[in-house]
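Working notes, beginning with the structure itself.
Computed from the coordinates by the stated procedures, all read-outs in this text should not be read as laboratory data. From a predicted model like this one, the values you see are computed outputs, not experimental measurements. Every residue, glycine among them, receives a Cβ derived from its backbone with ideal geometry; neighbour counts consider all protein chains shown.
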Amino acid sequence: MARRKKIYEGKAKILYEGPEPGTLVQYFKDDATAFNAEKRATIDGKGVLNNRLSEFFMRGLTQIGVPNHFIKRLNMREQLIRQVEIIPLEVIVRNFAAGSLSTRLGMAEGTALPRPIVEFCYKDDKLGDPLVSEEHITAFGWAQQQDLDDMVALALRVNDFLSGVMMAVGIKLVDFKIEIGRVWDNDFQRLIVADEISPDSCRLWDIETGQKLDKDVFRRDLGSLSDAYTEVARRLGVLPSNVTHATKPTLIN
Ligand code: UDP
């Protein structure tokens, strides 16, 4: 049997050549990493949940007219996506202070921000994805000023959508990261949301209890990551019927 061509392997996903030009197959692994991959683990079923969750969010974005790379889910761990030229920036949107913003500015985690704050980090693991300004981005040619304006607009639309979807199931969207890619329609370049949207790249807190339901559970050793992601999926109604991390056999009638 012919082996399909691996295009790229990252920390949590693998990209394979797709069935048609301009498409890729995105495979979600069970691997979890934090602190620039200094901390690693395999979390049974994480890939299955993130495949479903990213599908759910990307489909929702398509329905409200926010362009993104998702085409269709292929199986438990794989989805067909549009191939994009990834802009080498992590676009972070924050509604409440947490993580590196709290550390950098000495602001208590959970402090409501006066408005959503958009930050850019340069994607480079060796450098630890440093925070960069628009000046750096345009001076070094990672994106043009027009791209930056489009990226901020896209990120804020994603923020409004995700905040609302999460609020409806009792979850506060504290912050999240997206990646954006370029696609060409004839001679015109457009920017679309790419990569993934999942609890790996968001901070999600239960509105009532403040319980963390995202990758901080792993980063900070707060309990079972798969339980946290399963809870998010359950609340959103996107739990796959046969979750793989069940600890005991289930009788099927
Ligand atoms: N984030 C991410 N990948 C990264 C860095 C950050 O998905 O490489 C997400 C992270 O999960 C959080 C948001 O971006 O939802 C803001 O992260 P922060 O800058 O606070 O970094 P951290 O505290 O995770 O180092």
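For the stretch 102-241, the relative contact order works out to 13 percent when only alpha carbon pairs closer than 8 Å and six or more residues apart are counted.
What is the diffusion coefficient of the stretch 101-200 in µm²/s, taking the Kirkwood radius over Cα pairs and the Stokes-Einstein relation at 37 °C with a viscosity of 0.692 mPa s?
Value of D from the Cα-based Kirkwood radius: 212 µm²/s.
Residues K6, K172, K13, K72, arranged from fewest to most other Cβ atoms within 10 angstrom of their Cβ, appear as K72, K6, K172, K13. With N counted as the residues of the chain, its alpha-carbon radius of gyration over 2.2 N^0.38 Å works out to 1.00.
Please report the relative contact order for the chain, taking Cα pairs under 8 Å with a sequence separation of at least 6, and give it as a percent rounded to a whole number.
Once divided by the residue count of the chain, the mean separation gives 18 percent.
Basic side chains Lys and Arg get +1 at the Cβ, acidic Asp and Glu get -1 at the Cβ, and with that the dipole of the stretch 126-181 about its Cα centre reaches some 280 debye. The charge dipole of the chain, taken about the Cα centre with unit charges on the Cβ atoms of Lys, Arg (+1) and Asp, Glu (-1), comes to about 840 debye, rounded to the nearest 20. Size check on the stretch 1-133: the Cα extents along the three principal axes, sorted descending, read 56, 37, 29 Å.
Counting each DSSP H run of 4 or more residues in the chain as -39500 (n - 2.57), what helix-only mean residue ellipticity at 222 nm follows after dividing by all residues, to the nearest 500 deg cm²/dmol?
Rounded to the nearest 500, it is -8500 deg cm²/dmol.
As a rough footprinting exposure proxy, the listed residues F161, F35, F57 were ranked by other beta carbons within 10 Å of their own, and the order from fewest upward is F35, F161, F57.
Springs join every pair of Cα atoms under 10 Å in this Gaussian network model of the chain, and among G106, G45, G18 the largest mean-square fluctuation is at G106. Evaluate E = 1/(1 + (r/R0)^6) for A34 and Q189, where r is the Cβ-Cβ distance and R0 equals 35 Å; express this FRET efficiency to the nearest 0.05. For R0 = 35 Å, the calculated efficiency reads 0.55. According to the calculation over all Cα-Cα pairs in the stretch 36-103, the P(r) per 5 Å bin from zero is 3, 12, 15, 18, 21, 20, 9, 2, 0 %.
When H136, H69 are sorted by how many other C-beta atoms sit within 10 angstrom of their C-beta, beginning with the fewest, the order is H136, H69.
Would you work out if the stretch 1-64 is rounded, prolate or oblate? Take a ≥ b ≥ c from the square roots of the eigenvalues of the alpha-carbon gyration tensor; rounded if a/c is under 1.5, else prolate when a/b is larger than b/c, oblate otherwise. Oblate. Largest GNM mean-square fluctuation among P199, P240, P19, using the chain with Cα springs under 10 Å: P19. Once the C-beta distance of K11 and L222 is scaled by a Förster radius of 25 Å, the resulting FRET efficiency is 0.80 to the nearest 0.05.
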